[in-house]
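See structure below.
Read the figures in this text as sums done on the coordinates, not as results from a lab. Note that this is a predicted model, so its numbers are computed, not measured. Using ideal geometry, Cβ is built from the backbone for each residue, glycine included, and neighbour counts are taken over all protein chains shown.
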Amino acid sequence: MKFDHFKQWNPRLNIFFLAFGAMFVVLASGLAWRQLILRGEWKEKEDRQNLRRVIQPGPRGDILDRHGNILVGNRPRFSAVVYLRELREEFDQEYSKMLNAMREQHREANPDEPFRFDWQQLRWESRQRVLQRYTDQINVILGTDKEITLRDLQRHYWSKLLMPFPLMGDLEPEEYARLIEQLPLGSPIDIYTDTARDYPFGPTACHTLGYVVANPEGIKEDAIPGEDLKTFHYKSEVGKNGLEKAFDDQLQGTSGGEIWVVDRFQFQYDKPLVEIAAKQGNDVITSLDIDLQLAAEEAMGDKTGAAVALDVKTGEVLVLASKPGYNLNDFSPFIRQEAWNQAVEQGALYNRATQGLYAPGSTFKMITAIAAMRNGVLDQDETLECGTHYRVGNRLFPEHSHASFGEVDVRKAIQKSSNVYFYQVGLRAGIENIAAEAKRFGLAEPTGIEIPYEATRMIVPTPEWRKERDGGIWTLGDTANVSIGQGDLFVTPLQMAAFAASLARRETHTRVTLLHDPQQKPVDHGGEPLGLTDEQYRAIVEGMEAAAGPQGTARFAMVDGVQIAGKTGTAQVKRPSGKITLAWFLGFAPAENPQIAVAVVMEGLVPGDHYAGGKTAAPVARAIFETYFADKDLSDLLASQQ
Amino acid sequence: MALKRLSQFKPLVVLLVFLAAWWVMPVMVKRWLQTGFYEFQAPLSAAESHLEDLQSYWTLRGQSKREMIEAGRDLARENARLTVQLQDNRSLAAEISRLETLLDLPSHPDFRYEVARVARRDLSAWWQQITIRKGANYGIPVGAAVIYKGGVVGRVREVHATTSIVELVSSSGFRMAANVVGEDRPVTYQGLLNPPFSNPLGEVLNVPAAVKVSPSQPMRLVSSRLGGIFPEGLTIGEVVELTPGSDGFFQQGRVQLNPDLGALREVAVVIPIGDETTPAVERPPATQEAVRGD
């Protein structure tokens, strides 16, 4: 009876039910909102908080010469490292040990004062001490005295925690082997391997091959998911010069990476959630011939200059040498300051073959002759009287060596390199025609070779150019100077080599390339026919053959069994230190069926250097020709000539 | 009654007391006791091994004269071959020495060899370790290389008075520098966990991508002298498989070891002359107490 009031429904309770019902609905809706609607957002936040990405660059591809020799490859680079996550327990133990020791010390020294300490500093020191202990193990095995600095440790902790901490970097193979054998297998010290650029031929072709530097833009991450995750990068490299820069896209490997779950201390645990392997980049097969390149550079010795050799038919660059150079291995895995300073001091960073602008000297005389012949002012059999001087206006222009060659035709003029002959021929042709001819051979524009920083400010002077430059007036004396390849005429050795190849093919343009086409498909060089009759062309080539014969100025380029068509040049240019000499050689071989074209320039450094085209540049050309024809069957060459 | 019930637990109490005493005993005493026990036991292993030798001697005694004559003839042939080889080696050593003097090269480290019989091989650690019948009494150092006619056996892990324990090349705790034949770049060889009587396997790491192998065209893996412990060119095994690593440049793969390792009777310990104490690095001691996570 007394519980009857429970059986009677009190309408006032409805309010409570309603209120509780509403609250429950709100809670349930809130829960549903967060769990169902906002699920994606929470998941994303959780991932961002707990997941970390580590990106590793793929190794770069190799650079090969035309015969498949590796010019630039990768070498393994070993480092002794520890993964800090594996040392956490030891860090804690060391911290505790150091803390106890400090406390004990304090108690003995100041028993009445409360013990205070900087726990953060102590934590860093304990970590440093543990790492130093492992480094000392390595020091004992290798006989080194490496020390871990607090700065290195902190930097690593803050920016590369998920990556291995390097205790000893860039180990030599012997050091690597000793560590492998003498460190216990359970040791937290790991041997980490990555790659560094390797240059088997050291300084050879350094300007052409180029070098790499740390990539300021970081690694390409396209293939690795999780763009919005906190990401750690291993160092990547980018081509800075030469072929390394020109073909960087092709050489770059495909990045690999891992996605890790990290704990609240930001250390990774368990296995990576995602693991994508890196892939090596593609190889670049260059047109260079390492044997020819080595021969050229050896012949150049310690002198300053450049040498270029081209395949006449394809325009492929066989040799692209510039001296002085630098050892590429000193630039890998990073540029050593000492090596860099030395290279800068010697001007070794400058690629003289593609960037050096030089007066071509007497090697330009063929262009003067062609200009005169094409414009009908010179017959190939016509002779001119050549004394010791030639008067132009009030000025006497001398013959070289103050010689007098008497009656000279174009053959003899090229053979003896008669200045007086070409003063006369040049004045007959006129500067406009000479400049037009030089431009027709592409001497006023870059060749378009693939490697960067080719010179663009080459000069083929004309009266208009002079007027635009300083308002000066063009004189006949200027024409006489240009006729023998001096004055304001400036071209690169690569351009002159391209001219030699064009002349050898009886064309006006050669498309030079550093890429090798194994199929050797016919190449359209984009020029036009030379525009000389057979007799005119023969006269010029005969002159060049005679120059490279026993009585010619280019006789030091002679090679047994091969007829070379060559021309030397010795130009004088003004430098702040005084007049210096440029020694040139230009030619192709075999004369009747040209296969290789060569241009060499050697640069006197001080006014006293007695450089001459015949004595200084021709021997370099001979070294190239000799090596080129050494493994060729000369009977085949003779047969093809017939 | 209660006393009787308590006496039932006496063995358990004794065991617990012993364990507690062992637990609190200083590490040095424990180690001393362990070593003492091992040294006490060692002559038994050696005696067992000598008995086996005696057994095989009597087995040989039981062979017929004809068999003995054939064996003697084979042995004579082998001796003749080895004599010629020895002569070749001597002349090659002289030539190497001459070239080293001529080119002013540092000479290769010299080794002496200590031949030892295998005294014991436990079934539970068949591919992990063997015990040999020579120890500190023959100047064998910890870490010395151990080889046999088929190549690398392992390294000396522990040296006792008259015996030594050799960690086998097939043990998962073994690691050494090696070379794939024809490659001068060093690679890492490491043993694996091999069950008893299986074909022993190891793994090779850091192999450059240019090296290609297949099960039908395996490549020999040989020791490298760069580590300073093993002489150069001793066979470790054959690399039968390589897979690309995650870095895109190096490969890792399987090494098939010589099954003859399972039937070792005699080995040679390679002891560097002049430096007979190979440094062995201990893991740094860790203190017992741990505080909050780092």
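By how many degrees, between 0 and 90 and to the nearest 10, does the Cα long axis of helix A:337-346 differ from the longest principal axis of chain A?
Rounded to the nearest ten degrees, it is 20.
What list do you get for A:GLU382, A:GLU450 if you sort them by fewest beta carbons within 10 Å?
Numbers: A:GLU382 12, A:GLU450 18.
So the residues, fewest neighbours to most, are A:GLU382, A:GLU450.
Just tell me which lysines come within less than 17 Å, Cα to Cα, of A:LYS439; anything on the same chain fewer than 8 places away is out.
A:LYS365
Each residue of region A:245-256 in turn: what ³J(HN,Hα) in whole Hz from Karplus with 6.51, -1.76, 1.60 and θ = phi - 60°, glycine and Pro shown as x?
Along region A:245-256, the couplings run 7, 4, 10, 4, 4, 6, 6, 4, x, 8, 5, x Hz.
In sequence order, what are the phi-derived ³J(HN,Hα) couplings for region B:137-147 according to the Karplus relation 6.51 cos²θ - 1.76 cosθ + 1.60 with θ = phi - 60°, rounded to whole Hz, with x for glycine and proline?
For region B:137-147, the Karplus curve yields 4, 10, x, 7, x, 5, x, 5, 6, 10, 10 Hz.
Can you give the extra length, in nm with one decimal, that the chain gains between B:GLU266 and B:LEU103 once fully stretched, where that is 0.36 nm per residue apart less the Cα-Cα distance?
On the way: separation 163, 0.36 × 163 = 58.68 nm, distance 3.84 nm.
Extra length available between B:GLU266 and B:LEU103 comes to 54.8 nm.
Bin width 20 Å, alpha-carbon pairs only: give the P(r) of the protein assembly as shown as whole percents, running from 0 to the bin holding the largest distance.
Using 20 Å bins, I get a P(r) of 11, 28, 25, 20, 11, 4, 1, 0 for the protein assembly as shown.
In region B:117-219, which GluC sites (Glu not before Pro) are in a loop and have at most 16 other Cβ atoms within 10 Å, using DSSP for the loop call?
Details: sites: B:GLU158, B:GLU167, B:GLU183, B:GLU203; in loops: B:GLU183.
Answer in residue order: B:GLU183.
Could you give the longest part of chain B that holds none of the trypsin sites (Lys or Arg not before Pro) found in DSSP loops with at most 15 neighbouring Cβ atoms within 10 Å?
Numbers: sites that count: B:LYS149, B:LYS212, B:ARG265, B:ARG292.
So the longest stretch without any such site is B:1-148.
Between 0 and 90 degrees, rounded to the nearest ten: what's the tilt of helix B:10-24 against the longest Cα principal axis of chain B?
In chain B, helix B:10-24 runs at an angle near 60 degrees to the longest axis.
For region A:102-148, run through the GluC sites (Glu not before Pro) and keep only the ones in DSSP coil with at most 15 other Cβ atoms within 10 Å of their Cβ. Write down the numbers at each step before the final one.
Working: sites: A:GLU104, A:GLU108, A:GLU125, A:GLU147; in loops: A:GLU147.
Passing both the DSSP loop test and the Cβ count: A:GLU147.
Which whole number gives the average count of other chain Cβ atoms within 10 Å of the Cβ atoms across peptide B:198-211?
Numbers: counts 0, 0, 0, 0, 0, 0, 0, 3, 6, 1, 5, 4, 4, 0.
The shielding value for this peptide is 2.
For every helix of n ≥ 4 consecutive DSSP H residues, a contribution of -39,500 (n - 2.57) applies; sum these over the protein assembly as shown, divide by its total residues, and give [θ] at 222 nm rounded to the nearest 500 deg cm²/dmol. It would help to have the intermediate numbers written out before the result.
Numbers: 26 runs with 334 residues, N = 936.
Result for the protein assembly as shown: -11500 deg cm²/dmol, rounded to the nearest 500.
Once you compute Rg and the Kirkwood Rh from C-alpha atoms, what is the Rg to Rh ratio for chain B? Display every interim value, and only then the final one.
Details: Rg = 24.5 Å, Rh = 22.9 Å.
With Rh from the inverse mean 1/r over Cα pairs, Rg/Rh is 1.07.
Over 27 Å between C-alpha atoms is what I'm after, so list which of A:LYS146/A:LYS271; B:LYS10/B:LYS30; A:LYS97/A:LYS146; A:LYS146/A:LYS240; A:LYS313/A:LYS574; A:LYS245/A:LYS467 land there.
In this structure, A:LYS146/A:LYS271; A:LYS146/A:LYS240; A:LYS313/A:LYS574; A:LYS245/A:LYS467 exceed 27 Å between Cα atoms.
Amide H to amide H, which residues 5 or more places from A:THR304 or on other chains are under 5 Å from it, using H placed in the peptide plane?
Amide H neighbours of A:THR304: A:GLU603.
Name the aspartates and glutamates eligible as straight-distance cross-link partners of A:LYS323: C-alpha to C-alpha under 18 Å, and not fewer than 8 places from it in the same chain.
In chain and number order, the partners are A:ASP289, A:ASP291, A:GLU297, A:GLU298, A:ASP302, A:GLU345, A:GLU454, A:GLU603, A:ASP609.
Please identify every one of the chymotrypsin sites (Phe, Trp or Tyr not before Pro) in region A:1-103 that sits in a loop by DSSP and has no more than 10 other beta carbons within 10 Å of its own beta carbon.
Sparse-neighbourhood loop chymotrypsin sites (Phe, Trp or Tyr not before Pro): A:PHE3, A:TRP9.
What ³J(HN,Hα) values, in whole Hz, does the Karplus curve 6.51 cos²θ - 1.76 cosθ + 1.60 give for region A:9-14 when θ = phi - 60°, with x put for Gly and Pro?
Computed from phi, the couplings for region A:9-14 are 6, 9, x, 5, 5, 3 Hz.
Could you work out the mean count of beta carbons from other protein chains within 10 Å of each residue's beta carbon in B:218-231? Show your work: numbers first, answer last.
Details: counts 0, 0, 0, 0, 0, 1, 6, 2, 9, 9, 6, 4, 2, 0.
Per residue, the average neighbour count from other chains is 3.
Measure nothing fancy, just the Cα-based angle from helix B:27-61's long axis to the longest principal axis of chain B, in degrees from 0 to 90, nearest 10.
It is inclined by approximately 50 degrees.
Which longest uninterrupted range of chain A lacks any trypsin sites (Lys or Arg not before Pro) assigned by DSSP to a loop state (not H, G, I, E or B) and surrounded by at most 15 other Cβ atoms within 10 Å?
Details: sites that count: A:LYS2, A:ARG12, A:ARG116, A:LYS146, A:LYS235, A:ARG264, A:ARG336, A:ARG457, A:ARG506, A:LYS632.
After excluding every exposed loop site, the longest remaining stretch is A:507-631.
A:LYS230: which aspartates and glutamates have alpha carbons under 19 Å from its alpha carbon, excluding same-chain residues fewer than 8 sequence positions away?
A:GLU41, A:GLU44, A:GLU46, A:ASP47, A:GLU217, A:GLU221, A:ASP222, A:GLU258, A:ASP263, A:ASP270, A:GLU275
Within 10 Å of each Cβ of A:249-262, how many other protein chain Cβ atoms are there on average? Could you put the intermediate results ahead of the total?
Numbers: counts 0, 0, 0, 0, 3, 1, 1, 4, 1, 1, 0, 0, 0, 0.
For peptide A:249-262, the averaged partner shielding equals 1.
Can you tell me the relative contact order of chain A? Whole percent, Cα pairs under 8 Å, sequence separation 6 or more.
Values: 1297 pairs, mean separation 87.6, N = 642.
Here the relative contact order equals 14 percent.
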